[in-house]
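Contents: one structure, followed by commentary.
The values are calculated or read from the model by the stated rules, or taken from the named source; none is laboratory data. Computed from a predicted model, the values in this text were never measured in an experiment. No Cβ is skipped: glycine too gets one built from the backbone with ideal geometry, and neighbour counts run over all protein chains shown. Accessible surface is based on the protein model in full, side chains and every heavy atom, while ligands, DNA and RNA are left aside. Shrake-Rupley method; radii C 1.70, N 1.55, O 1.52, S 1.80 Å.
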Amino acid sequence: MNQTERPTTRFRRLLNDPKLLLIPGGFSPLAARMVEAAGLHSFFLAGSQTSAYLYALPDVGIMGREEMLAATRRMTAASNVCVFADADTGFGNALNVYEATKAYVRAGAAGLHIEDQESPKRSGTTSGRRCISVSEAVGKYRAAIAARDELDPDFVVCARCDLIGAEGGSFEAAVERCIAYVEEAHVDLIWLNNVHSIDEMAIAAARIPGPVMPTYGGPQPGPTLQQLEDMGVAAAIFPAMTSSLGLQATWDLLNDLAERGQAALDERRVPQSEGKWGRVRFDTFVNPGHERVKEIEALFLTDAQKRDYDSTFGFSAPPST
């Protein structure tokens, strides 16, 4: 990864590269750091996961702009991946979108997406969704483009179309909306949500005149990553990947612990140490910061303030692999 290249420039370049961009998602700065360590280049800061894991609340627009901006700043401070941030419906009308876009640029995000739903929104994969008119949506996206052009023209503005499965929605109407978002608002990326078939994904990628990121909402099996790349799809996004896998593992362990006690803990220690990529703990990605703490203390603290790290007790982290 070119560390001198700005995240906005890098994200824009990756989206326009013929190679499919993989975008894992979640809510945690530590997960973003893991994504970077695994050699991936982008991370989606999902509002649904932030709302669920920080507040145990559903994704219905309860969180506000400042909460998502704070989450964005925590993530951009922790890693060098391109942070693609969730901006819900833009937190209001075109004026709110204009100011929110500037705020996300200043927070260090590489791009954001704005949904074409009515506010308060609903999760893009649940029922009860309603969409605003095409003309209102185009106005909001144009406001986002104008705002980003004042600060960083490389910042990526993505229009997410949630019309498929919404009230009065259809695939054909959704594609027509997406075309308008590109041709009239000049957005940089289209996220077409809940496409019901692989054939429709290919049609959307062919008809929409710009980078497209359709997400699959039909029966399994869904398209492979190679199929998506062959269609000319710009990116594959996995909004809850880093949080949902951990949620399942935690649920399994808690129930197993309640049922079997110590045996549940003992059995899980072996697979962790024998995995292909070795055992991982949060120390693996946090402990380098501890070493930096010691360096700063050695440089700037008085002798009386310095800590005794050699003779006091503390657990040492397992070696990184």
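Things worth noting here:
- The residue list G261, G232 contains one member that is on the phi > 0 side of the Ramachandran plot and open to solvent by less than 40 Å² (accessible area, probe 1.4 Å), which is G261.
- Scanning the stretch 183-207 for residues that are surrounded by fewer than 23 Cβ atoms within 10 Å (Cβ to Cβ), assigned to a helix (DSSP H, G or I) and within 22 Å of the chain's Cα centre (by Cα) turns up just one, A205.
Yes/no per residue for (1) outside any helix (DSSP H, G or I); (2) aliphatic (A, V, I, L, M):
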position	(1), (2)
Y104	no, no
L112	yes, yes
G124	yes, no
R129	yes, no
E136	no, no
A144	no, yes
A147	no, yes
E176	no, no
A180	no, yes
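Matching residues to (1) assigned to a loop (DSSP other than H, G, I, E, B); (2) out of contact with any strand residue (DSSP E or B) (no Cβ under 8 Å at 6 or more places or on another chain); (3) small (G, A, S); (4) touching a residue at least 12 places away in the same chain (Cβ under 8 Å):
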site: Q227; (1), (2), (3), (4): no, yes, no, yes
site: I237; (1), (2), (3), (4): no, no, no, yes
site: Q248; (1), (2), (3), (4): no, yes, no, no
site: L253; (1), (2), (3), (4): no, yes, no, yes
site: D256; (1), (2), (3), (4): no, yes, no, no
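- Inside the stretch 110-129, residues that are buried (at least 16 other Cβ atoms within 10 Å of the Cβ) and either of a type outside the set (A, V, I, L, M) or under 18 Å from I62 (Cα atoms) (or both) make up a count of 13.
- When G217, G210, G222, G278 are screened for being touching a residue at least 24 places away in the same chain (Cβ under 8 Å), surrounded by 13 or more Cβ atoms within 10 Å (Cβ to Cβ) and over 27 Å from E115 (Cα atoms), only G278 passes.
- Taking the conditions (1) among the aliphatic types (A, V, I, L, M); (2) within 23 Å of the chain's Cα centre (by Cα); (3) open to solvent by 20 Å² or more (accessible area, probe 1.4 Å) in turn, A173 satisfies each one other than (2).
- Yes/no for A236 being at pLDDT 95 or above and under 16 Å from the mean Cα position of the chain (by Cα): yes
- For the stretch 62-80, the tally of residues that are in contact with a Ser or Thr (Cβ under 6 Å, 6 or more places away or on another chain) and touching a residue at least 40 places away in the same chain (Cβ under 8 Å) stands at 1.
- Residue ID - nearest to G278 (Cα to Cα), chosen from residues in the stretch 294-320 that are surrounded by 10 or more Cβ atoms within 10 Å (Cβ to Cβ) and modelled with pLDDT under 80: S320
- Apart from one condition, S135 fits all of (1) over 26 Å from G218 (Cα atoms); (2) touching a residue at least 12 places away in the same chain (Cβ under 8 Å); the exception is (2).
- Residues located in the stretch 40-64, provided they are at pLDDT 95 or above and open to solvent by 20 Å² or more (accessible area, probe 1.4 Å): L40, H41
- Some residue of the stretch 21-44 being under 16 Å from the mean Cα position of the chain (by Cα), within 28 Å of A185 (Cα to Cα) and part of a helix (DSSP H, G or I): no
- Sole residue being closer than 23 Å to G210 by Cβ, among the aliphatic types (A, V, I, L, M), open to solvent by less than 20 Å² (accessible area, probe 1.4 Å) and in contact (Cβ under 8 Å) with a residue 24 or more places away in the chain, chosen from A166, A94, A107: A166
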